[in-house]
Amino acid sequence: MAESSPPSEKLTNLTISETPTVSKETSEAAAANASSNKTETKSGKTPPKPEREWSTEMEVDFQRILTVGEECISPEELKKLILVKGRGSDHPVGFNLYDGFEPSGRMHIAQGVFKAMNVNKCTLEGTNSTFTFWVADWFALMNDKMGGDLEKIKTVGKYLIEVWKAAGMNLDHVVFKWASEEITNSADIYWPIMLDVARRFNVTRIKKCCQIMGRLEGSLTSAQVLYPLMQCTDVFFLKADICQLGVDQRKVNMLAREYCDAAKIKNKPIILSHHMLYGLKAGQEKMSKSDPDSAIFMEDTPEDVERKIMAAYCPNQEVEESGEEVIGSSGDAGKESMHLTIDTLKNPCLDYIQNIILCPPGSSFTVQGKPYDKFEPIRADFLDGKITEEELKRGLIQELNNLLQPVRDHFTNDDNAKGLLEQVRQFKKEGNTKIDETKIRRLNLVALNKIQSNCHAVFAPLPSANPSLEDVLGTLTSIKSNNSCISTVLILPDWTARVCNRCDADVKVIDSFYAIFLAALRAFDSDTMKNIVVMNQSEAILQDPSNYWISVINVGRYFSLDAVMGSNVQDSDGVGIVIGRLMKIADIMGLEPSSIAMGSSEDESIERALTERYFDEKLHGMTKPTFSSTTAPTLALQMIESEAHKTENYEYFVLDDPKVHGKSKMKKAFCEPGNTEFCPPIALAIAFGPADIEINRSAENGGDVVYRNKEEMESDFKSGSLHPGDLKATASTIMVGVLEKISSIIKEDKVLTTASKTLKAFEKKQSKKKK
């Protein structure tokens, strides 16, 4: 599969239809340069088209769109976008704004009327823009909404769309896309972008984004770090020019801009963050769907509106900000980022008037027969006592009911809308009840006829610039540990390699590693490898990406972030490691093996413990596989104190040059006389030599000797009858033979030759970086 990369459309490459007015002087200058321009054309270079002139109509669009946001990052970029894709351009689709909404319950007025008004501002006829709504059903699943019931979540999503239709949103330039459908249909594009986003950030950075779910860092599940990663991915998957979400989403939108820096994407998404309305009660920084009296909801009756507004917090005296904030274990995550402007009043009634009633162009607010078309006089008159609290609230009640009546009528008269509302209300009564998860959502490679049931599963190591002989031998040992299964499946974890940033997530390098690795396995034991089913992880996932990633999400929902990080992942480490561990469990579920071979490394021990726990506690309908711990002999040539002390002479690699490295590495190998606890020449001779190993010696040194097992060789070496020099000479001959065999196989195959060159070029590139 070809690598999928995030879109990086360049503004300078886009065509512009309208050309600016050209003066006489400019025309003469152009004529004078005609010959040089012709030369450029002949040489294949096309002169860039001049930038369009900024028009009055563009300025109107620009100022109108700016009113949508409490903050715009950045106005200069928005101007450039309008010039290239906006009104009067010949851009075929115009510019694209996006907002994602999580179907998690009833819709309050900010999400309903306020959003409809903002969308209308952004897509006014002639603006040449489209507003894409991303119905984030999978995100609601990750955030554990509706008890994790995806069907309920989809029903709520349909209800929300009906609300917008009735709330006056002009749908001529609006598109609704369901995340579950779009992602599944373009899984080969979406998920590689997500893997690339994840590999570029550490756990700390992603934790900071988790306020978008209203979650504090200490209470996060593993699935909830997927949320900001996927939301960031959405921006590039949807090719959004503008992220038009609330201020509470600011951190993850900034993550998208940071990703552009890391991935060298020229055009960053513009962030247009709209205001977050206060809750109706004192001290509520935002509305809460869990508190029905904190907001006006779109299907509220006139009596509901009156009751809530008359009881609403409505101060008429300003207070100084203390600058202090105390957030307890159940506090409001990210509360400090809900508002970007200083407000010493925090009056929700005035907030509604300013941001809802007076939001549409040409709107007004009437109190006691006096119309106001600007907010500042209303606020001043209220603070001066010219408008009483009751007068203000009565006027607000009237205006809100006028806005909501079309919605009430729609949900009363339209049978489809009425049925959806009834279902959503029933969901609310039921609460966030967990669904009966008797049906396990997962990849099922057996049912897809890709593998046999009850297989023995082996996972190849994550790639590097040069596969080591120890890794090859370890994988062969794991494959041969199959004692009773009919078949063995070897998974090449190419997508896990990408998310863990192995080989800089370079697909070509990763594929080259596994091509060379498989060649080495077949070189050492072709008979065994003939019967092995080899499958790329990406190939397996794309057989049923929807169920696979739902299983990843469900695993993440079950485990806390701390549990998956374990003892060896710190906040400063890449978040991709967490995603990789969730994927490992989903991989095993997809295989449903009878047995799994795993090593004893700390990473594998954590993955094994998590897998066993998930099978025991969650997957009651599946048989837990048997785990076999396989330990291949250590083939290190040197004793080192830490990983930092490793050099190229530390071990043998598959791509080592037989003539250069075969003897030189063995010559430098540790070989202390009599030391059999760590003796690399013995380990390598036994691992790769023939059944009977003959050591040639002069008569003075005891003559030739044949060893039929490791114990005999170690016994003579320990006693001193086998000299280190004689042992190294034999081991060196064996290793030269091993490397020559692999080298000849690679040279005879064009694909392997190319793979070898790719790995060597990457290794050289990495060496330069270290310098």
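The values are calculated or read from the model by the stated rules, or taken from the named source; none is laboratory data. Predicted model, so just to flag it, every value in this text is computed and none were measured. Virtual Cβ from ideal backbone geometry, glycine too; neighbours counted across all protein chains shown. When the accessible area is computed, the model is the full protein with side chains, heavy atoms only, and any ligands, DNA or RNA have been set aside. Shrake-Rupley method; radii C 1.70, N 1.55, O 1.52, S 1.80 Å.
Restricted to region 347-400, and to residues that are of a type in the set (V, I, T) and assigned to a helix (DSSP H, G or I), which residue is farthest from V305 (Cα to Cα)?
Across region 347-400, the extreme among qualifying residues is I378.
One line per residue, one yes/no per condition, for (1) surrounded by fewer than 23 Cβ atoms within 10 Å (Cβ to Cβ); (2) in a loop (DSSP other than H, G, I, E, B); (3) modelled with pLDDT under 95:
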{"residue": "N96", "(1), (2), (3)": "yes, no, no"}
{"residue": "Q111", "(1), (2), (3)": "no, no, yes"}
{"residue": "W134", "(1), (2), (3)": "no, no, yes"}
{"residue": "G147", "(1), (2), (3)": "yes, no, yes"}
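Which residues, counting only those in region 167-179, are assigned to a helix (DSSP H, G or I), over 18 Å from G105 (Cβ atoms) and not charged (D, E, K, R)?
First, pick out the residues of region 167-179 that are assigned to a helix (DSSP H, G or I): 171-173, 179.
Filter once more, keeping what is over 18 Å from G105 (Cβ atoms): 171-173.
Passing the criteria: L171, H173.
Restrict the check to region 219-239 and report whether at least one residue is under 23 Å from T67 (Cα atoms) and open to solvent by less than 10 Å² (accessible area, probe 1.4 Å).
So far as region 219-239 goes, yes, one or more of its residues are under 23 Å from T67 (Cα atoms) and open to solvent by less than 10 Å² (accessible area, probe 1.4 Å).
Just to be sure, is L521 among the aliphatic types (A, V, I, L, M), in a loop (DSSP other than H, G, I, E, B) and in contact with a helix residue (DSSP H, G or I) (Cβ under 6 Å, 6 or more places away or on another chain)?
Taking the combined requirement at face value, the residue does not satisfy it.
Yes or no: region 336-346 includes at least one residue that is at pLDDT 90 or above, aliphatic (A, V, I, L, M) and under 28 Å from T388 (Cα atoms).
yes
Would you check if there is a residue in region 558-576 being under 17 Å from P461 (Cα atoms) and either touching a His at 6+ places or on another chain (Cβ under 9 Å) or part of a helix (DSSP H, G or I) (or both)?
So far as region 558-576 goes, yes, one or more of its residues are under 17 Å from P461 (Cα atoms) and either touching a His at 6+ places or on another chain (Cβ under 9 Å) or part of a helix (DSSP H, G or I) (or both).
Return the residues of region 722-771 that are loosely packed, with under 15 Cβ neighbours inside 10 Å, modelled with pLDDT of 95 or more and either of a type in the set (A, V, I, L, M) or not in a helix (DSSP H, G or I) (or both); say none if nothing qualifies.
Once the filter is applied, which keeps residues that are loosely packed, with under 15 Cβ neighbours inside 10 Å, modelled with pLDDT of 95 or more and either of a type in the set (A, V, I, L, M) or not in a helix (DSSP H, G or I) (or both), region 722-771 yields E748, D749, V751, A761.
Do you know which residues across region 385-408 are at pLDDT 95 or above and among the charged types (D, E, K, R)?
K386, E389, E390, E391, K393, R394, E399
Given (1) over 28 Å from P348 (Cα atoms); (2) out of contact with any helix residue (DSSP H, G or I) (no Cβ under 7 Å at 6 or more places or on another chain), identify the lone condition not met by F133.
That leaves (1) as the condition not met.
Among all residue pairs at least 6 apart or on different chains, which show Cβ distances below 9 Å where the first residue, located in region 748-771, is without any contact (Cβ under 8 Å) to a residue 60 or more places away in the chain and among the charged types (D, E, K, R) and the second is part of a helix (DSSP H, G or I) and surrounded by 13 or more Cβ atoms within 10 Å (Cβ to Cβ)?
What qualifies is K757/S512; K765/D504.
Could you check how many residues of region 262-311 are in a loop (DSSP other than H, G, I, E, B), surrounded by 20 or more Cβ atoms within 10 Å (Cβ to Cβ) and free of Cβ contacts under 8 Å to residues at least 40 places away in the same chain?
Qualifying residue count, region 262-311: 1.
Just a yes or no: is a residue in region 485-494 modelled with pLDDT of 95 or more, touching a helix residue (DSSP H, G or I) at 6+ places or on another chain (Cβ under 6 Å) and assigned to a helix (DSSP H, G or I)?
Checking region 485-494: at least one residue is modelled with pLDDT of 95 or more, touching a helix residue (DSSP H, G or I) at 6+ places or on another chain (Cβ under 6 Å) and assigned to a helix (DSSP H, G or I).
Output the number of residues of region 664-711 satisfying the condition of being part of a helix (DSSP H, G or I) and surrounded by 16 or more Cβ atoms within 10 Å (Cβ to Cβ). Let's see the steps before the verdict.
From region 664-711, those part of a helix (DSSP H, G or I) are 664-668, 680-688, 699-701, 710-711; that's our starting set.
Within this subset, residues satisfying the condition of being surrounded by 16 or more Cβ atoms within 10 Å (Cβ to Cβ) are 665-666, 680-688, 710.
The qualifying residues number 12.
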